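Scroll down for the structure; my scribbles are underneath it.
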Amino acid sequence: MKTSAYKKILETELAEITHSLEELGVQNPNAPEDWITTPEEPSKNESDPNDFGDRSEAWQERRGTLSALETRCNNIKRALSKIDAGTYGTCELCKNEIEEDRLSVNPAARTCKADLDNESQLPS
Ligand SMILES: [Zn+2]
């Protein structure tokens with residue numbers, strides 16, 4: 001398996017995701033794989049109580065986005081360490097090879113196509 005091409009894609013994506021994460025939150029100093037959502041730029045209408053609902057909704061959205069990025073970020077890091085360990089491209093569930101076309105769509109994939117639906121059950 002030609003892992004060097006995947007490694008390049010993964011490293012590029014990791015840099016982009018880390019950048020996005022930094023816009024939404026801060027890295028937990030005690031757990032590098034954990035990100036804490038930071039509030040948006042303080043609103044000028046801070047004292048307006050009608051504004052609170054909107055802000056809270058925006059917060060939820062930020063948290064959801066950050067959480068998805070965090071999972072993605074950790075999957076990429078895991079994939080990169082698998083490349084280093086020489087186990088890249090192996091399904092974590094059935095231990096078979098992950099299809100090349102699946103990896104080209106998602107180089108951080110943890111499972112083969114047959115186990116796609118079960119990927120979310122894997123421990124993070
Ligand atoms: Zn599998």
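We did not get these values from a lab; they are worked out from the coordinates using the rules stated. The model shown is predicted, which means the values in this text are computed figures rather than measured ones. Glycine gets a Cβ as well: all are built from the backbone with ideal geometry, and neighbour counts include every protein chain shown.
Counting only residues that are more than 19 Å from residue 123 (Cα to Cα) and crowded, with 18+ Cβ neighbours inside 10 Å, how many does region 97-107 have?
Final tally of qualifying residues: 1.
Hey, among 62, 72, which residue is farther than 22 Å from residue 12 by Cα and not β-branched (Val, Ile, Thr)?
Among 62, 72, only 62 is farther than 22 Å from residue 12 by Cα and not β-branched (Val, Ile, Thr).
Of all residues in region 62-105, which are over 18 Å from residue 7 (Cα atoms) and among the small types (Gly, Ala, Ser)?
Selection gives 64, 67, 68.
How many residues does region 58-96 hold that are over 26 Å from residue 18 (Cβ atoms) and either buried (at least 19 other Cβ atoms within 10 Å of the Cβ) or free of Cβ contacts under 8 Å to residues at least 24 places away in the same chain (or both)?
Qualifying residue count, region 58-96: 4.
Do you know which of the residues in region 97-121 that are assigned to a loop (DSSP other than H, G, I, E, B) and within 11 Å of the ligand (Cβ to nearest atom) is farthest from residue 34 (Cα to Cα)?
Filtering first and then ranking leaves 99.
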